[in-house]
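Notes for the one structure printed next.
The values are calculated or read from the model by the stated rules, or taken from the named source; none is laboratory data. As the structure is a prediction and not an experimental result, all values here were calculated from the model. FYI the Cβ positions are ideal-geometry reconstructions off the backbone, even for glycines, and counts take in every protein chain you see.
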Amino acid sequence: MRSEICNHPRIVDAETCLAGCTCGGDHPAPEVTLYSGEDAAQMMAEECRAVYGDRPVLLLFDPETYAVAGADLEQRLLSEKVNLTTHQFDSNPVATAALIDTVRDLDHGMALIISVGSGTINDLGKYSASEDQIDFWCLPTAPSMNGYTSGIAAIKVKGVKRTLPAAPPKRIYARPEVIQNAPLKLRQAGFCDVLAKVVSDIDWQCESLLFSGSYCGLPAAMMTTVEKSYSEHGLEIGRGDESAVMGLFHGLLISGVAMSLAGSSAPASGGEHLVSHFWDMREPLTGREPELHGLQVGVGIILSTACYRRLRELAAEDLPHRGEELFAATAAEIPAIWGPYADEVAKQFQGKRDALIQFNTLLPQKWNELQTLFQQVQSPEYFAELFARTGAPFNLEAFRLTKEEFMLAALNSRAIRERITVLDLAAHAGVLDLAANDALQLLSC
């Protein structure tokens, strides 16, 4: 039994948070530490007992993550005499307000919540702990997404997928063997999710140039330091090579920290994420079980990069002045697409109405500067080839998406969030449908 807690290294140190900043703002380093080793579960159990003693601890998992790592951790926690309560979600849980209520009903009086799993289970534990001011630790089971270290949680509220503030975990304990042996689709999903930052960073710069002035180069600088550890190793990630998979996992952790430092998801979540949220939100209406978030984001990357390529072909004088007309036409589609969720979606879209109308004057004025940003984005073929290197199929059929549902998301997902993205730029410029068809051809192979 361990009598004191070890000081594990932070994922990002304070000095790193100063280098690369271009906004002059304050970027306090999140105090998230990482212990990585095959004895991670035992280390977590011993340190849990050392820190919390007899105070109650809540352990969250689903059947799949319980089999992979949860059962082992549970036994180690009990062996260390941790005052443990467990909760098992159903397979493939969705992070909804209702499930948040379930966790918060369980966490009364708890000193700590531990999530064993990846996206949804991490978000459920993180958000509940943050809301109830309870400590949160996690034991990841896959390199499938960047939310482990982010300061947000993706929760479906009244049918709308929202990113809500949530303090990241204080401690992460990772078993390399578990991460390395995660199913191929989970590794491919993480590969897609971490590569999204290449596109979302340009989305953020475009929005900042046009409206907020909020862009900071720090997140991109942080990612550049680790990018080669995963971007050049798609084949090895697909094969399950330990160094490549752990490089991907580390890149995902850094990506999440980058969002925390920026104070928003903008550095790693742009238009490419909206199509994924669109399909998640449509699940009750279509009956289609959403695919892994990262894989859907990969589809969105193909769409966003196709948009940037089409935008590069335009001159300022080619831009129409139809902000009001286009907003009205898109808003008119919301009731038919969203049914009982239409009012909530309409509220989100209304939130950027003024910005979209300002496109009439702002886009021509800023077009030369925007073109400099557009030129930095690689082609959709480049990303499609990268994703295919993992060895898993990367097309609509593999993700159970029809061409009709893809086109519906491509043309309408921009309405579900207030954030300005390349999808809005392409729609205003009149090339969104062309870009969507370009992407459709690539994704139908």
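Does segment 183-198 contain any residue that is more than 18 Å from the chain's Cα centre (by Cα) and not acidic (Asp, Glu)? Yes, some residue in segment 183-198 is more than 18 Å from the chain's Cα centre (by Cα) and not acidic (Asp, Glu).
Look at LEU209 and say whether it is over 28 Å from ALA95 (Cα atoms) and touching a His at 6+ places or on another chain (Cβ under 7 Å). It is false that LEU209 is over 28 Å from ALA95 (Cα atoms) and touching a His at 6+ places or on another chain (Cβ under 7 Å). For GLU405, state whether it is surrounded by fewer than 24 Cβ atoms within 10 Å (Cβ to Cβ), part of a helix (DSSP H, G or I) and of a type in the set (D, E, K, R). Yes, satisfied.
Whether a residue is of a type outside the set (A, V, I, L, M), part of a helix (DSSP H, G or I) and crowded, with 20+ Cβ neighbours inside 10 Å was assessed, and THR361 does not pass this test. Apart from one condition, LEU59 fits all of (1) surrounded by fewer than 18 Cβ atoms within 10 Å (Cβ to Cβ); (2) closer than 17 Å to GLY117 by Cα; (3) not small (Gly, Ala, Ser); the exception is (1). So TYR173 ticks every box in (1) under 26 Å from PHE383 (Cα atoms); (2) touching a Leu at 6+ places or on another chain (Cβ under 6 Å); (3) aromatic (Phe, Trp, Tyr) but one. Which box is left unticked? All conditions pass for TYR173, except number (1). Filtering ALA355, ALA384 for residues that are farther than 21 Å from SER212 by Cβ and either surrounded by 14 or more Cβ atoms within 10 Å (Cβ to Cβ) or in the same structural domain as GLY298 (by TED's automatic domain parsing) (or both) leaves a single hit, ALA384. The combined condition, being surrounded by fewer than 18 Cβ atoms within 10 Å (Cβ to Cβ), in contact with a Leu (Cβ under 7 Å, 6 or more places away or on another chain) and closer than 24 Å to ALA409 by Cα, is not fulfilled by GLY323. Inside segment 68-84, residues that are touching a strand residue (DSSP E or B) at 6+ places or on another chain (Cβ under 9 Å), more than 19 Å from CYS6 (Cβ to Cβ) and outside any strand (DSSP E or B) make up a count of 6. Going residue by residue through segment 250-263, is there one that turns out to be farther than 30 Å from ILE337 by Cα, under 14 Å from the mean Cα position of the chain (by Cα), of a type in the set (S, T, N, Q) and in the same structural domain as ALA435 (by TED's automatic domain parsing)? There is at least one residue in segment 250-263 that is farther than 30 Å from ILE337 by Cα, under 14 Å from the mean Cα position of the chain (by Cα), of a type in the set (S, T, N, Q) and in the same structural domain as ALA435 (by TED's automatic domain parsing). Quick one: would you say PHE349 is more than 18 Å from ALA429 (Cβ to Cβ), of a type in the set (Phe, Trp, Tyr) and either in the same structural domain as LEU303 (by TED's automatic domain parsing) or not in a helix (DSSP H, G or I) (or both)? In short, yes. Could you please let me know if THR390 is part of a helix (DSSP H, G or I) and among the β-branched types (Val, Ile, Thr)? So THR390 does not fit the description; no.
Take the residues of segment 106-118 that are of a type in the set (A, V, I, L, M, F, W, C) and not in a strand (DSSP E or B): which is surrounded by the most Cβ atoms within 10 Å (Cβ to Cβ)? Step by step, filter segment 106-118, then rank; the result is MET110.
Apart from one condition, GLU80 fits all of (1) in contact (Cβ under 8 Å) with a residue 40 or more places away in the chain; (2) surrounded by fewer than 18 Cβ atoms within 10 Å (Cβ to Cβ); the exception is (2).
Restricting segment 261-288 to residues that are modelled with pLDDT of 85 or more and assigned to a loop (DSSP other than H, G, I, E, B), the residue that is surrounded by the most Cβ atoms within 10 Å (Cβ to Cβ) is SER269.
Can you find even one residue in segment 240-248 that is assigned to a helix (DSSP H, G or I), at pLDDT 95 or above, out of contact with any strand residue (DSSP E or B) (no Cβ under 8 Å at 6 or more places or on another chain) and not small (Gly, Ala, Ser)? Yes - at least one qualifying residue is present in segment 240-248.
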